[in-house]
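Computed from the coordinates by the stated procedures, all read-outs in this text should not be read as laboratory data. Not measured: the values here are computed from a predicted model. As a convention, Cβ positions derive from the backbone with ideal geometry for all residues, glycine included, and neighbour counts pool all protein chains shown.
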Amino acid sequence: MLNEKVIELLNAQVNKEFYSAYLYLQFANFYVDQGLSGFANWYKIQAQEERDHALLFIQYLQNNDVSVTLEAIDKPDAVLQNNMDPLKAGLKHEQYVTSLIHTIYDAAYAVKDFRTMQFLDWFVKEQGEEETNASDLIKKMELFGSDPKGLYMLDQELGGRVYSAPSLVL
Ligand SMILES: [Fe+2]
């Protein structure tokens, strides 16, 4: 049986991951409105990945005989005014999610819950990649975003991203 505090944090993470999906859909919708379908594609896939993360947390809890509680998902509240805003909000959000994963890891570590620590290892690595991707996007936008041709090329590049299911299988 998992520790109560660990269960509470894992269950809360389900909601945070669905919120992340919601936030990235807001970004995708913003870019659709701007006519940047490649950026929209990138964030739509990002939203799918976040939904996958939520499902992984649910599966992990259920594999450990925990009954999962689904709470209301907050309205995505990012203020988006220009093409750079979602990218910066995305990096900030990923840094926040990293801190959440680390907090769960801390709680598992405190009670020697090696199973949950091993489960979270994948997310620790994933968060490192997410932060790198988010800051790479900001750098590219800084370099090429103010030039219409550069922005067009970047949009084409991001339009090429395809969804793939998470590599973690439970
Ligand atoms: Fe996530």
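Summing charges over all other residues whose Cβ lies under 14 Å from the Cβ of Gly150, with Lys and Arg as +1 and Asp and Glu as -1, gives -1.
What is the helix-to-structure angle for 85-110, meaning the angle in degrees between its Cα long axis and the longest Cα principal axis of the chain, kept from 0 to 90 and rounded to the nearest 10? Helix 85-110 sits at roughly 10 degrees to that axis. Once the other residues with Cβ under 15 Å from the Cβ of Glu49 are scored (Lys, Arg +1; Asp, Glu -1), what is the net sum? Computed value for this residue: -3. Averaging over every viewing direction, what projected area does the convex hull of the Cα atoms of region 49-164 cover, in nm²? Projected over every direction and averaged, the Cα hull of region 49-164 covers 8.8 nm². Give me the net charge for the shell around Ala28: Cβ to Cβ below 15 angstrom, other residues only, Lys and Arg +1, Asp and Glu -1. Here the count lands on -2.
The 3J(HN,Hα) values that the Karplus relation (6.51, -1.76, 1.60; θ = phi - 60°) gives for region 26-33 are, in residue order, 4, 4, 4, 5, 4, 5, 4, 4 Hz. Gly and Pro appear as x. When peptides 37-47, 112-122, 143-153 are sorted by average Cβ neighbour count within 10 Å, with the highest value leading, the order is 37-47, 112-122, 143-153.
Computed from Cα atoms, the angle from the helix 114-144 axis to the main principal axis of the chain rounds to 10 degrees. For Lys16, list the lysines whose Cα falls under 25 Å from its own Cα; do not include residues on the same chain fewer than 8 positions away. Lys16 reaches Lys5, Lys44, Lys75, Lys88, Lys92, Lys112, Lys125.
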